[in-house]
1. Could you tell me which of the residues A:Pro80, A:Pro46 is in contact with a strand residue (DSSP E or B) (Cβ under 9 Å, 6 or more places away or on another chain), surrounded by 14 or more Cβ atoms within 10 Å (Cβ to Cβ) and outside the structural domain of A:Cys180 (by TED's automatic domain parsing)?
2. Residues in region B:391-404: is at least one in contact (Cβ under 8 Å) with a residue 40 or more places away in the chain, in a helix (DSSP H, G or I), among the aromatic types (Phe, Trp, Tyr) and within 14 Å of another protein chain (Cβ to nearest Cβ)?
3. Could you check, for region A:136-149, whether at least one of its residues is within 14 Å of chain B (Cβ to nearest Cβ), in contact (Cβ under 8 Å) with a residue 40 or more places away in the chain, part of a loop (DSSP other than H, G, I, E, B) and charged (D, E, K, R)?
4. Out of curiosity, is B:Val86 within 14 Å of chain A (Cβ to nearest Cβ) and closer than 26 Å to B:Pro28 by Cβ?
5. Considering only region A:160-174, state which residues are touching a helix residue (DSSP H, G or I) at 6+ places or on another chain (Cβ under 8 Å) and in a loop (DSSP other than H, G, I, E, B).
6. Only one of these is away from chain B (no Cβ under 14 Å) and at pLDDT below 85: A:Ser62, A:Ser113, A:Ser88, A:Ser84. Name it.
7. Report yes if B:Tyr417 is crowded, with 21+ Cβ neighbours inside 10 Å, in a helix (DSSP H, G or I), within 24 Å of the chain's Cα centre (by Cα) and of a type outside the set (A, V, I, L, M, F, W, C), otherwise no.
Amino acid sequence: MNPLILYPVFILGIVAAGAAVTLFLVAKKFKVDEDPRIDEVLDLLPGANCGGCGYPGCRGFSEALVDAADNGDLAGFMCPPGGSDTMSEVGRYLGLDVDEAEPTAAVVRCGGSRQKAPQQLHYDGPAKCAISHALFRGANGCPLGCVGLGDCVDVCDFDAIHINRETGLPEVETEKCVSCGACVEVCPREIIEIRPRGRKDRRVWVCCVNKEKGAVVRKNCKAACIGCGKCEKVCPEKAGAIRVENFLAYIDPEKCIACGLCIPECPTGAILATFQPPKKKSRAAPGKTAAEKVAGKKVETAKEEVKQ
Amino acid sequence: MKLKTFKLGGIHPPENKLSAGAPIEILPPPGEVNIPLSQHLGAPAVPVVKKGDKVKVGTLIARGEAFISANIHASVSGTVLKIDDVVDISGYRRKAVFIKTEGDEWEDSIDKSEELISEIKPEPIRIVEKIKEMGIVGMGGAAFPTHVKYMFPEGKTADTLVVNGVECEPYLTADHRVMLEKSDEILSGIQVMKKAGKVDRAIIGIEANKPDAIEMMTKKAENIPGVEVVPLQVFYPQGAEKQLIKALLNREIPSGKLPLDVGCITNNVATALAVYEAVQKNKPLVERVVAITGKKLSKTGNFKVRIGTPAGKLLEALGEEIPAHTSKVICGGPMMGKAVNSLEVPITKGISGFILIDGSEAGRREMENCIRCGKCVYVCPMGLEPYLLERLAENKNYGGCETSGIVDCIECGSCSYTCPASRPLLDYIRYGKASVMRIMRERRQK
């Protein structure tokens, strides 16, 4: 055979063999001993790398879990996308008990839709909530309400939050939401909150974060909480879940029994729920399906659905 | 002869000094003023009056208690209606004192005569105290409390007082008119400031598009030793203190340092006038000259306005309506001022103009991709790379922003003005700068 071919084959063969031996020795000598459980736990996790657990990705979380398991305590660890199922599996694998956490979901607490809080100004700067928030109060005049430029949509890894074109407000698709908290973090006005999903998916919340006086708020927005305190009065004594502070009502999800008495009381319809409120004749009345309510769609559309 | 200017970057937007020929008119006190408690850089002042109190013009209504803060005085005589929130030029609600005007009675201590007092009696320390007491702040736009500039840290001295008569922003003419009509008072104020800062030399920089002001100031300053008037080439942002010092004295302020580190104190001409009135006439900062202008207005003007007057009163005084197709109303200059969302915003100590911008000028063009043409780098007066900072800020790479010098940005807007792709450079840089400054503050506190 032609030596022009033989020589390179021979030389490269020797180089390759030498390299293989070196790599083998190096791999032996510098072998990193890793707990095999880390990979096993990683396989149990959803692999979304959302960071909702507070650790840098799923691998970081599984390292932390194995570390904690060595110390014999898994309390305080929670994988929001996986929920209790994933955590109990992890607990079973590591042979420890885990916290039973209530499933949660993100909730948008602003009702200042284009219809309820009409635009007063035209903003033509970069479409980022953070920039608009730093510049001025917002196009509809509410200094604490949703800017509507969708920083939360950009940040969501699960396609669970979208801006409704009609209302200009973000809407959470509860089925997709894993409550990782990315949108809560990014919202410059702290409108989005992670709340428990509630027993049988029944939950009630105040859809406003404005702490200005009632008269001031009403000038800009028809759907804002004016801090009248009616809901606080009607809330059953044993629950005592509603507190009005700084002209803003807040429903404590831990205490709320989801009776729905407060919903028809609210004069501005600022309290939303995922179920049909008790009194039908009042203005916030007829029931909406869970998805509709979360979507925060207008009462009219909900009414139509009930008729059908 | 080639006129002096700064060396790095800069732009020359159309000057549009429409109201330069209009003499200063006095706007009578409005029926009600709302005086914001945060008109200056630094901590808001703390109110010392309450609802129902009677005040005269010049009565102290709020005290600046922090080191960087300023006193605020009543600009009209009357009754305090309430202390409540008002939407100011930031677009947010801030605390303000509402006063209902009743007559026009001034505090007795204020000398209202026109007579010029050029003899300076008080000692330097007393002058600085007086400046602080009378609530004088920089009137060029940033509203930095003036007394702080004269309280030198241990071991620092100044040799030159740089007086800013540049007014490099398009449209604005308030300083121009003040220089023409109050030149004697300004020069006397400069003498007062020279004494306060213990400096022998004062340089007044004026851009060459104000030949009448240059002539007037040069003529008046001839007989005064140690005061010099220097005409400057028209170039934006020459009125920024770093650029002005570079243009006049060829001294460069290092990153993160102040003019005092190169032996300079900088003050605006309108501030010089206010200092004169405060020290020699005992008059607090209760009024200022504001230009009202716009291409579609049939008349433009310069008005002496009480602090806290709603901006809309200026239009009324001109006898004008808002022209059709006006898309932006700006308080301050068109480059650095803020668009406001209501004509009710009160005029504060730092607002030198009120501009109605036509829709054809104000709108943004459609944004295109950056092609790295480098025009923004060429015009940046601070030698930064705006295209890079924009990208870093957009991607929230604050570490990169910091090492690329984002905190040196003076937010002049030259980059956004010049960008052929109309990218929102300054918007992102401002956002990145604010975030980096917040991170730096938190780090310092640790």
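1. A:Pro80
2. Yes.
3. no
4. Yes; evaluated as a whole, the condition is true for this residue.
5. A:Asn164, A:Glu173, A:Thr174 - these are the residues of region A:160-174 that are touching a helix residue (DSSP H, G or I) at 6+ places or on another chain (Cβ under 8 Å) and in a loop (DSSP other than H, G, I, E, B).
6. Result: A:Ser84 is the single residue among A:Ser62, A:Ser113, A:Ser88, A:Ser84 that is away from chain B (no Cβ under 14 Å) and at pLDDT below 85.
7. Criteria not met by B:Tyr417.
Condition check ((1) farther than 18 Å from B:Val199 by Cβ; (2) touching a Gly at 6+ places or on another chain (Cβ under 9 Å)) across all residues:
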position	(1), (2)
B:Glu215	yes, no
B:Glu228	no, no
B:Pro237	yes, yes
B:Lys242	yes, no
B:Ser255	yes, yes
B:Gly263	no, no
B:Asn267	no, yes
B:Ala278	yes, yes
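The values are calculated or read from the model by the stated rules, or taken from the named source; none is laboratory data. As the structure is a computational prediction, the values presented were derived from the model and not from experiment. Here the Cβ is made from the backbone with ideal geometry for all residues, glycine too, and neighbour counts use every protein chain on show.
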